[in-house]
Amino acid sequence: TQFQGDAILAIFNVPFEDEQHAQLAFDAATDLLEMVQNKTFAGEDLAIRVGINTGPLIAGNVGGGGRQTYTVHGDAVNLAARLEGQSKNYGVGIVIGEETEAKVDNVFATLELDLIAVKGKAEAVRIHTILGREDMLQQQDFLALKKQHTAMLEAYRTQDWSKARGLIKDC
């Protein structure tokens, strides 16, 4: 874990591999969100935004002269930071990348948010959010929402605006 200004960088799956790294990241993120829910500091509501991404990276000690820090670098790390920034735009606490979503789609209740252009990438990036833990996956309300939400995204992407608006209301 590193502090970067007002951000915390938490690293999972290095230096030791862990097949459950995406789940551990989600557990940490959802625990943090639950801890600050309905909390205030100096009269302001506390808000946490989280970006989670999975992918190759470079990890190791950086620095010299007695001052070193363990850190990570790479496209996957940069994308995680950009995903965190998108959480405010979409009004959700957690935004995740497509590779991460593929690792946890049967463990957490996720929804696709959008395809976005990201600085430094030639192709659009598919982003998702997490709404809940495994117990939510089989709830009828979530299954209905996911079906309607998927239909809404399809209508939106085919520019069927009236259908998309109607499905947004349903969602």
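Note on the stretch 1-79: along the principal axes its Cα atoms extend 42, 34, 19 Å, ordered by decreasing extent.
Annotation: the antiparallel percentage among DSSP beta bridges lying fully within the stretch 36-139 is about 85. Where only DSSP H runs of four or more residues are counted, the chain gives -12500 deg cm²/dmol as its mean residue ellipticity at 222 nm, each run worth -39500 (n - 2.57).
Find the accessible area per residue for the stretch 4-144; the probe is 1.4 Å, ligands and nucleic acids are left out, and the unit is Å².
Ligands and nucleic acids excluded, the result is 63 Å² per residue.
Which lysines, on any chain, are close to Lys119 with Cα under 27 Å apart, when same-chain ones fewer than 8 places away are left out? Here the lysines satisfying the reach criterion relative to Lys119 are Lys88, Lys103.
When the solvent-accessible area of the chain is split by element, carbon and sulfur atoms take up 50 percent of it, the probe being 1.4 Å. Using the Cβ-Cβ distance between Ile116 and Ala10 with R0 set to 25 Å, the FRET efficiency works out to roughly 0.65.
In loop segments of the stretch 1-71 as defined by DSSP, the GluC sites (Glu not before Pro) with at most 16 further C-beta atoms inside 10 Å of their C-beta are Glu17, Glu19. Among (i) 21, 18, 15; (ii) 31, 19, 17; (iii) 58, 17, 15, find the value of semi-axes √(5λ) of the Cα gyration tensor in Å that was calculated from the structure presented, and write down its label. So the structure-derived entry is (ii). Only helices reaching 20 angstrom along their own axis (Cα) with mean Kyte-Doolittle hydropathy no lower than 1.6 count here, and not one DSSP H run of the chain does. Our estimate of slack between Arg67 and Leu32, defined as 0.36 nm per intervening residue step minus the Cα-Cα distance, is 9.6 nm.
Sites listed here are trypsin sites (Lys or Arg not before Pro) in the stretch 51-158 whose DSSP assignment is loop and whose Cβ has at most 11 other Cβ atoms within 10 Å: Lys119. Database remark: amide H of Thr110 closer than 5 angstrom to the amide H of Leu131 (H placed geometrically; neighbours at sequence offset of 5 or more, or on other chains; Pro and chain starts carry no H).
Mean separation of Cα pairs under 8 Å and 6 or more residues apart, divided by the residue count, gives the stretch 63-147 a relative contact order of 25 percent. The GluC sites (Glu not before Pro) of the stretch 96-156 that DSSP puts in a loop, and whose beta carbon has at most 14 other beta carbons within 10 Å, are Glu123. Once the Cα-Cα distance is subtracted from the 0.36 nm per residue extended length, the Met136 to Phe41 segment shows a gain of 31.2 nm.
The values are calculated or read from the model by the stated rules, or taken from the named source; none is laboratory data. These numbers come from a predicted model, not from an experiment. Neighbour counts are summed over all protein chains in view; Cβ atoms, including those assigned to glycine, are modelled from backbone coordinates with ideal geometry. Heavy atoms of the whole protein, side chains included, go into the accessibility calculation; ligands, DNA and RNA do not. Shrake-Rupley method; radii C 1.70, N 1.55, O 1.52, S 1.80 Å.
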